[in-house]
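A.B. asks: So that we are looking at the same thing, I have put the structure below in structure tokens.
No lab work stands behind these numbers, since they all come straight from the coordinates. Being a predicted model, the structure only gives us computed values, none of them experimental. Because the Cβ atoms are built from the backbone with ideal geometry, glycine has one as well, and the counts that use them run over all protein chains shown.
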Amino acid sequence: MNKMLVIDYHKCVGCKTCEMICSLVHEGVCAPNLSRIRIAKDERAGWNVPISCAMCEKPMCVTVCPVGAMFRNRETGLVTVDEKRCIGCRQCVQACPFGHANFNPLKGLAFKCDQCDGDPQCAKFCWTGAISFEAIELSLNQRRLETAEKITRGQTPSY
Amino acid sequence: MSKSRGYAGQILEVNLSNRDSKRNELATKFCREYLGGIGFNAKLISDEVPAGIDALSPENILVFGVGTMVGSIFPTASRTEVSAKSPLTGLFGTSNSGMFFGTQLKNAGFDALVIKGRAEKPVYLFIEDGELSVQDASRLWGKDSWETLDILRKQYPAAEVALIGPAGENLVRFACIENGYYDAWARTGLGAVMGSKNLKAIVVRGTQGITPHSVEGLLKVTGKARQLIESSPFFKPFKSYGSMNAAMPYGSFKALNANNFSQGCLPDWKEDFARPKVEELTHGHIACQSCIIACAHWVEIKAGKYQGLRMKDMEVTPTVSFGSGCGMSLEATVKAAEMGQRYGMDMASVAGVMAMAIELFNRGIISQEDVGYDLSFGDDDAILRLMDDIARRQGLGAVLAEGTMRAAQQFAGGEASAMHVKGLEIPMIDPRGRWSTWSLGILTNIRGGDHLRCRNPIENLRFNENKHDFQKERFGYDRKMYESLDMPDELKAQAIDLENDTVDIAIMSRWAEDLINLFNSVGVCIRPPVEHRIGPTILAEAYTAFTGIKISPIELMQSAERAWNLIKLFNLREGELPEDSKFPRRFYEEAVGGKNLDEAKVQEVLQQYYQVRGWDMLTGQPGEEKLRELGLSNLS
């Protein structure tokens, strides 16, 4: 089963440790701005939501890239940037509907999540369980169980 | 990207009188000696604030010092210290807050922000990636802090904002500086200093990033620190209940402020109001930058008069100050917290001055005519109305807005009801109910009467007896805990007597104060799971990995001690007298739970503490030898 970054935003407390570790491992800098995962927050409403790459099946960022720098690896399913080809036109940044694909002004290159080549550090450092790296089927199974538990709460078992 | 490591590398200074600004490069020597946060503030304010000025005059200087480790992944590194001469105490005013302001300021290129002068008209500052602009704030003046934030956040998305509400504009002497919607640099009236400068807000946005000296080293020490914090016995309770945890044991020891310190604990507080209320009213947790505890709660009032109120709240100090100190219902304390945030007032101080007013009302010293309505402990509506009057300086509110110390002088016999030390209202801990390092700290705190700058890192909340008078508190842990405590062996042996199972309060106080001052310098949180496990050894490793500046644990502690001494010298220069280090008479004369403080014995411990600090035993003046040791001898 293919693993993906699964976000359970109910668990996120907004500590932004994920932003720190991501920019550290990718750029050697503590720079939330260069993180491949970002926390969207609204203090008035009281939510924090980690936003990362969905690794779309039909990625808009790949579609608009004029030089083929953004590509989807068919074997791994990962959408990544080939920095040698990237011309820094930011078309992918504008095309991504989630505000995920981003631009590094110091390097003049696009950047996005690469799932740390199979060992995403954001999931490893997230202590809340809001970000995990797992097979979607297992994660959904868990959610179905939680839903079922809510539905049946207070009912006598029928068996 | 900044050239220096760990630090952003510059201090931004702005003079609002003439709109001049300059950028001062950080020198390595200055970094080693003062570290960051409160250390920077202590040095800059001691050097530049002229002696004897009015705290609300343009001569006062407001400094935002970001902790060194802030902007890194080191657990809980989020804290920024704000300091100025306090309009409430007349001494060094200082307060610490977390969330994300410090991270943004460093990402914008600055380790500290120094604000001088006074703008002619209301202004706000916008700081972005090394650039500063002074903007007109006429349209924001008069708006409460949440309305102001709604406007500024829309205009400057992704920015962090420090701001004042109407209380700061009205120069309420305990006005605070709000740190976003729900946090604040609350104590000692720094919001009034900002208001006196006609400065409504500071909007900060930065994208520059901070380069660590060693990524590998930083990650290694971060991993170690996480493990240490997670292994503290305080870790799980704090994750679940946050700071409200302390209300349980302190309630059962009759050591919670109740109805202006007239009782040891309200009857319903011990059982009903600590953990059960947290469970009933809160859901979800909120963290500051890089925190692994997330002690803050998201509160929602689902029924009753305050239905629909949703905010981050139920932090122990304001909750106890309003709920127990003024006898309010828990639901009403949330409303009071909302008003405190919107108006921008220190909740501990406003609750303190209101509790005094209620007591004076009960004593017949102030009347219904003075207030316009009746006051009594537990009357939520009247208390909220009084809070409104204070923020707006209406009627009796104008007197109370001057703070407990000054307001008490307006009433014959008022002093007997004024619960403050050095002009700062005492918030939640009643030292009569439980005498410990923590409660001595209320007396020795360089900012006045609160408990937040001195807490024995291995305080044992299970015990409440003084085995040996006022000099010792119970240790009560096993040898393993003794050994894992990060403290030099010799000092540890002096501070903790394993055979008699005691901790020496004077020796531990000095250590605890310096340790907390170190935390407030490097920007790490003082919550018990952290203070319990994180000591100078691991902080030295973290500091060096992040900044590249080699420093030993002893040097770190010495830098923290240097700032503490510098602040003490500042206070003495500004007129602090030895007799100011006294509790309100009530603590000596009236008992709660069968206990009162023995004045002679408290003085004795205080003198021991002065001796341990290398200060004059009677006057508390830092001694020649100590100042020489700290490289401060030219200042005595």
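A.B. asks: How long are the three semi-axes of the equivalent ellipsoid of the stretch B:179-271, in whole Å, if each is the root of 5 times an eigenvalue of the C-alpha gyration tensor, listed from largest down?
C.D. replies: 35, 29, 10
A.B. asks: If one computes the Cα centroid of the stretch B:592-636 and of the stretch B:1-55, what distance in Å separates the two points?
C.D. replies: 29 Å
A.B. asks: Within 10 Å of each Cβ in peptide B:283-291, how many partner chain Cβ atoms are there on average? Round it to a whole number, please.
C.D. replies: 6
A.B. asks: Averaged over B:197-207, how many beta carbons belonging to a partner chain fall within 10 Å of each residue's beta carbon?
C.D. replies: For peptide B:197-207, the averaged partner shielding equals 1.
A.B. asks: Same structure again: Could you let me know the centre-to-centre spacing of the stretch B:421-478 and the stretch B:308-374, using Cα atoms, in angstrom?
C.D. replies: Between the Cα centres of the stretch B:421-478 and the stretch B:308-374 lies a distance of 24 Å.
A.B. asks: How high is the relative contact order of chain A, in percent, with contacts defined as C-alpha pairs under 8 Å that are six or more residues apart?
C.D. replies: 28 percent
A.B. asks: Just going by the charge dipole of the protein assembly as shown, with Lys and Arg at +1 and Asp and Glu at -1 on Cβ, which of B:Val421, A:Leu24, B:Gly217 is farthest out on the positive end?
C.D. replies: Positive-end residue among those listed: A:Leu24.
A.B. asks: Still on this model: Long-range amide H contacts for B:Cys291: which residues qualify at under 5 Å (H placed 1.01 Å from N, peptide plane, sequence gap of 5 or more or a different chain)?
C.D. replies: B:Thr76
A.B. asks: Apply the Karplus parameterisation 6.51 cos²θ - 1.76 cosθ + 1.60, with θ equal to phi minus 60°, to every residue of the stretch B:428-433 and state each ³J(HN,Hα) to the nearest whole Hz, in sequence, with x for glycine and proline.
C.D. replies: Working through the residues one at a time gives 10, 8, 9, x, 5, x Hz.
A.B. asks: Per residue of the stretch B:342-355, in order, report the coupling 6.51 cos²θ - 1.76 cosθ + 1.60 (Karplus, θ = phi - 60°) as ³J(HN,Hα) in whole Hz, putting x for Gly and Pro.
C.D. replies: Per residue, the Karplus-derived 3J(HN,Hα) values read 5, 6, x, 10, 5, 5, 5, 6, 5, 5, x, 6, 5, 4 Hz.
A.B. asks: Amide H neighbours of B:Lys582 under 5 Å, counting only residues 5+ apart in sequence or on other chains, H built in-plane at 1.01 Å?
C.D. replies: Sorted by chain and number, the residues that satisfy this are B:Lys422.
A.B. asks: With bins 5 Å wide starting at 0, give me the P(r) of the stretch A:1-81 over every alpha carbon pair, in whole percents.
C.D. replies: Bins of 5 Å from zero give 3, 14, 18, 18, 20, 16, 8, 3, 0 percent of pairs.
A.B. asks: By average Cβ neighbour count within 10 Å, what is the ranking of B:362-370, B:188-196 from highest down? Intermediate results must be reported in sequence, preceding the final value.
C.D. replies: Details: B:362-370: 13.1, B:188-196: 30.7.
Ranked from most to least packed, the peptides come out as B:188-196, B:362-370.
A.B. asks: In peptide A:29-37, how many Cβ atoms from other protein chains are near each Cβ within 10 Å, on average? Present the calculation step by step, with values, prior to reporting the outcome.
C.D. replies: Numbers: counts 8, 18, 9, 10, 6, 2, 1, 0, 0.
Across the residues of A:29-37, the mean count of other-chain Cβ atoms within 10 Å is 6.
A.B. asks: With a sphere of radius 14 Å drawn around the Cβ of A:Thr76, what net charge do the other residues whose Cβ falls strictly inside it have (Lys, Arg +1; Asp, Glu -1)?
C.D. replies: Residues close to A:Thr76 contribute a combined charge of -2.
A.B. asks: Under 5 Å between amide hydrogens, which residues at least 5 positions from A:Ile51 or on another chain qualify, with H placed 1.01 Å from N in the peptide plane?
C.D. replies: Hits under the 5 Å cutoff: A:Arg38, A:Ile39, A:Ala40.
A.B. asks: So, in nm, how far is label B:Glu279 from label B:Gln607 when the simple model puts each one 7 Å beyond its Cα toward the Cβ?
C.D. replies: Each label point lies 7 Å from its Cα, and together they span 5.0 nm.
A.B. asks: Can I ask one more? Among the listed pairs B:Lys43/B:Lys239; B:Lys224/B:Lys277; B:Lys29/B:Lys220; B:Lys143/B:Lys254, which are separated by more than 29 Å between their Cα atoms?
C.D. replies: Working: B:Lys43/B:Lys239 35 Å; B:Lys224/B:Lys277 34 Å; B:Lys29/B:Lys220 26 Å; B:Lys143/B:Lys254 41 Å.
Pairs exceeding 29 Å: B:Lys43/B:Lys239; B:Lys224/B:Lys277; B:Lys143/B:Lys254.
A.B. asks: All other residues with a Cβ under 15 Å from the Cβ of A:Gly99 taken together, and with Lys, Arg as +1 and Asp, Glu as -1, what is their net charge?
C.D. replies: Surrounding charge for A:Gly99 is +3.
A.B. asks: Further, regarding this structure: Quick check on the exposure proxy: order B:Met481, B:Met99 from fewest to most C-beta atoms within 10 angstrom.
C.D. replies: In increasing order of surrounding Cβ atoms, one gets B:Met481, B:Met99.
A.B. asks: Also: Projected onto the charge dipole of the stretch A:72-159 (+1 at Lys/Arg Cβ, -1 at Asp/Glu Cβ, origin at the Cα centre), which of A:Cys116, A:Cys92, A:Ala148 gives the Cα projection farthest towards the positive end?
C.D. replies: The residue sitting most towards the positive pole is A:Cys92.
A.B. asks: Next question, about the same structure. About the Cα centre, and with charges only on the beta carbon of Lys, Arg (+1) and Asp, Glu (-1), how big is the dipole of the stretch A:93-137? Nearest 20 debye, please. Provide the component values of the computation, followed by the final result.
C.D. replies: On the way: 3 positive and 5 negative charges, 60 e Å.
So the dipole magnitude of the stretch A:93-137 works out to roughly 280 debye.
A.B. asks: What does the charge count near B:Leu228 come to, summing +1 for each Lys or Arg and -1 for each Asp or Glu among other residues with Cβ under 11 Å from its Cβ?
C.D. replies: Working: positive: B:Lys224, B:Arg226, B:Arg533; negative: B:Glu230, B:Asp486.
That works out to +1.
A.B. asks: Give me D for the stretch A:72-115 in µm² s⁻¹, whole number, from Stokes-Einstein with Rh from the Kirkwood sum over alpha-carbon pairs, 20 °C and 1.002 mPa s.
C.D. replies: Estimated diffusion coefficient is 195 µm²/s.
A.B. asks: Could you give me the radius of gyration and the Dmax of the stretch A:50-103, taking only the C-alpha atoms into account and expressing both in angstrom?
C.D. replies: Cα only, the stretch A:50-103: 10.3, 30 Å (Rg, Dmax).
A.B. asks: Using the number of other C-beta atoms within 10 angstrom as an exposure proxy, rank B:Leu16, B:Leu384, B:Leu539, A:Leu145 with the fewest first. List each step's numbers first, then the result.
C.D. replies: Values: B:Leu16 21, B:Leu384 18, B:Leu539 28, A:Leu145 10.
Placing the least packed residue first, the sequence is A:Leu145, B:Leu384, B:Leu16, B:Leu539.
A.B. asks: Separate question: Which Cα, out of B:Asn259, B:Leu452, B:Thr80, lies furthest along the positive dipole direction of chain B (beta carbon charges, K/R +1, D/E -1)?
C.D. replies: The residue sitting farthest along the positive end of the dipole is B:Thr80.
A.B. asks: About the Cα centre of the stretch A:1-40, what is the dipole size in debye to 20, counting +1 per Lys and Arg Cβ and -1 per Asp and Glu Cβ, all else neutral?
C.D. replies: 100 debye
A.B. asks: Sticking to Cα atoms, compute the Rg of the stretch B:478-632 to one decimal and its Dmax as the biggest Cα-Cα distance, whole number, in Å.
C.D. replies: 17.4, 55
A.B. asks: Contact order normalised by length for chain B, with contacts defined as Cα pairs under 8 Å and 6 or more residues apart; what percent is it? Present the calculation step by step, with values, prior to reporting the outcome.
C.D. replies: On the way: 1493 pairs, mean separation 102.8, N = 636.
Rounded, it is 16 percent for chain B.
A.B. asks: Additional query: Rg and Dmax in Å for the stretch B:442-517, alpha carbons only: what are they?
C.D. replies: Rg then Dmax for the stretch B:442-517, in Å: 12.2, 35.
A.B. asks: Now, a different point. If you put +1 on each Lys and Arg Cβ and -1 on each Asp and Glu Cβ, how big is the dipole of the protein assembly as shown around its Cα centre, in Debye rounded to 20?
C.D. replies: Result for the protein assembly as shown is approximately 2140 debye, rounded to the nearest 20.
A.B. asks: If packing is taken as the average number of other Cβ atoms within 10 Å across a peptide's residues, how do B:447-455, B:344-352 rank, most packed first?
C.D. replies: The packing order, highest mean first, is B:344-352, B:447-455.
A.B. asks: With θ taken as phi - 60° and the coefficients 6.51, -1.76 and 1.60, list the Karplus ³J(HN,Hα) couplings across the stretch B:401-413 in order, rounded to whole Hz; mark glycine and proline as x.
C.D. replies: Rounded to whole hertz, the list is 5, 7, x, 4, 4, 6, 4, 4, 5, 7, 10, 4, x.
A.B. asks: With a ≥ b ≥ c the root eigenvalues of the C-alpha gyration tensor of the stretch B:358-482, is it rounded (a/c under 1.5), prolate (a/b larger than b/c) or oblate?
C.D. replies: prolate
A.B. asks: Also, quick follow-up: Once a ≥ b ≥ c are taken as the square roots of the eigenvalues of the Cα gyration tensor of chain B, is the result rounded (a/c under 1.5), prolate (a/b larger than b/c) or oblate (a/b not larger than b/c)?
C.D. replies: Since a/c stays below 1.5, the shape of chain B is classed as rounded.
A.B. asks: Kindly put B:Phe322, B:Phe235, B:Phe519 in sequence by how many other C-beta atoms sit within 10 Å of each C-beta, fewest to most.
C.D. replies: Details: B:Phe322 30, B:Phe235 20, B:Phe519 27.
Ranked by crowding around the Cβ, least crowded first: B:Phe235, B:Phe519, B:Phe322.
A.B. asks: Compare A:Arg72, A:Arg44, A:Arg36 in a GNM of chain A, Cα atoms joined below 10 Å, and give the one with the largest fluctuation.
C.D. replies: A:Arg44
A.B. asks: If you don't mind, there's one more thing I want to ask. By per-residue mean of other Cβ atoms within 10 Å, what is the highest-first order of A:51-58, B:89-96? If you can, show how the numbers build up before the last one.
C.D. replies: Numbers: A:51-58: 16.0, B:89-96: 26.0.
Highest to lowest by the protection proxy: B:89-96, A:51-58.
A.B. asks: Please say if the stretch B:8-74 is rounded, prolate or oblate, where rounded means a/c under 1.5 for a ≥ b ≥ c the square roots of the C-alpha gyration tensor eigenvalues, and otherwise the choice is prolate for a/b larger than b/c and oblate otherwise?
C.D. replies: Taking the square roots of the gyration eigenvalues as a ≥ b ≥ c, the stretch B:8-74 is prolate.
A.B. asks: Separation of the stretch B:178-226 and the stretch B:97-143 by C-alpha centroid, Å?
C.D. replies: 12 Å
A.B. asks: Continuing with this model, one more query. State the three equivalent ellipsoid semi-axes of the protein assembly as shown, derived from the C-alpha gyration tensor as the square roots of 5 times its eigenvalues, in descending order and whole Å. Present the calculation step by step, with values, prior to reporting the outcome.
C.D. replies: Numbers: eigenvalues 356, 176, 160 Å².
Its equivalent ellipsoid spans semi-axes of 42, 30, 28 Å.
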